[in-house]
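Chemist: Here it is, the structure, as structure tokens.
The values are calculated or read from the model by the stated rules, or taken from the named source; none is laboratory data. For clarity, every value in this text was computed on a predicted model and none was experimentally measured. To get the accessible areas, we keep the full protein, side chains included, count just its heavy atoms, and leave off ligands, DNA and RNA. Shrake-Rupley method; radii C 1.70, N 1.55, O 1.52, S 1.80 Å.
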Amino acid sequence: MDSGYLLRKEHEEFARRMQEEDDRQNHRLAELEGQGRENHKLLLSIERLATNMENLQKEVREQGERLETIENRDGETWRNVKWYVLIAVVGAVIGYALHSVGL
């Protein structure tokens, strides 16, 4: 008695299973959409972090250059002071020598 038609009970079972499959797939799609939103937020955060790191790197480089300038200024001043002291000592020795000779 197989007429190729489904009985009402078989049809209802088939419809129930299809609805369960649709529900399952809808649930999975909702989870994937949520994960996609979270990934997008994460990517935006990483982009902001990278930008901040670039700015920080520039600032550190500029501060390093300023620090080097300050350190060199003190070193240059000290070298100049030593040079002036050396000139004064050499001048005093030459002056004493010339005074001893009678000039």
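Chemist: Applying the selection to region 68-98, what residues are aliphatic (A, V, I, L, M) and at pLDDT 85 or above?
Modeler: Going through region 68-98, the residues aliphatic (A, V, I, L, M) turn out to be 70, 81, 85-90, 92-94, 97-98.
Scanning region 68-98 gives VAL81, VAL85, LEU86, ILE87, ALA88, VAL89, VAL90, ALA92, VAL93, ILE94, ALA97, LEU98.
Residues checked against (1) modelled with pLDDT of 90 or more; (2) open to solvent by 100 Å² or more (accessible area, probe 1.4 Å):
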site: HIS11; (1), (2): yes, no
site: ASP22; (1), (2): yes, no
site: GLY36; (1), (2): yes, no
site: GLU47; (1), (2): yes, yes
site: GLN57; (1), (2): yes, yes
site: VAL60; (1), (2): yes, no
site: ARG66; (1), (2): yes, yes
site: SER100; (1), (2): no, no
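Chemist: Please verify whether region 84-96 includes one or more residues that are assigned to a helix (DSSP H, G or I), among the hydroxyl-bearing types (Ser, Thr, Tyr) and under 43 Å from the mean Cα position of the chain (by Cα).
Modeler: no
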